[in-house]
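Have a look at the structure below, then the notes.
Every read-out reported here was derived from the displayed coordinates using simple, explicitly stated rules and does not represent laboratory data. What you see is a predicted model, and the numbers here were worked out from it, not measured in a lab. Here Cβ is always computed from backbone atoms with ideal geometry, including for glycine, and neighbour counts include all displayed protein chains.
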Amino acid sequence: ETMKRMDIDGDGYDEAEVFTQDGKIVKSLIDQDRDGKIDMTINYKDGYRESAEKSSRDNEIIDVWIKYYFTGVPAMISKDANGDGKPDYWRHVKNGFVYKKEWDRNHDGVPDVRFLYDEKSDLRAASEVSRLLQREYDRNFDGVYETVQVNPMRASESTPAAG
């Protein structure tokens with residue numbers, strides 16, 4: 001395994017340590033905010049990004065996790081919003097945009113709020129509000145979404161006109 005310091009954005013500052021094995025990248029350590037401390041680690045498999053973790057604050061504590069499709073494009077981004085070291089917010093990505101968001105309001109590791117979005121590629125320019133299909137809520141944290149709210153903007157598109 002060899003390590004090379006690199007300037008990955010062309011600004012003259014070597015913000016990455018790139019580790020290779022047999023000519024393929026296996027890991028990158030990145031100083032995103034140029035403070036001299038590593039705040040993101042990207043792991044590679046077969047030359048493609050597989051997973052990453054980073055500190056989004058200045059405290060060097062990991063609070064964001066990223067899983068990638070085999071092509072190296074993000075598939076899921078998890079975030080720890082309350083600082084307990086576990087994810088409580090998830091964004092699921094397909095074809096370059098979010099199709100599902102989930103929240104864990106009671107911090108038990110299980111999502112209890114879910115927003116589902118239309119993922120058709122012709123809606124790329126559409127706002128998130130207009131792409132929202134429905135909201136789902138597990139009000140008593142038993143793993144069952146008791147409340148489902150369909151987006152009225154979307155429902156009106158499929159409702160036949162009166163008359």
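Key figures for this structure:
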quantity	calculated
Residue with peak Gaussian network fluctuation, the chain [Cα springs, cutoff 10 Å], from TYR48, TYR13, TYR137	TYR13
Relative contact order for the stretch 1-150, counting Cα pairs under 8 Å that sit 6 or more residues apart, in percent	9
Binned Cα-Cα distance frequencies in the stretch 1-68 - 5 Å width, integer %	4, 19, 25, 24, 20, 7, 1
Exposed trypsin sites (Lys or Arg not before Pro) absent: longest stretch of the chain, with sites in DSSP loops and at most 16 other Cβ within 10 Å deemed exposed	58-104
Using θ = phi - 60° and Karplus 6.51 cos²θ - 1.76 cosθ + 1.60, couplings along the stretch 17-23 (whole Hz; Gly, Pro as x)	10, 10, 9, 10, 9, 6, x
Under Karplus coefficients 6.51, -1.76 and 1.60, residue-wise ³J(HN,Hα) of the stretch 52-57 in Hz, glycine/proline x	8, 9, 8, 9, 8, 10
Euclidean distance of C-alpha centroids, the stretch 46-68 and the stretch 1-42, integer Å	13
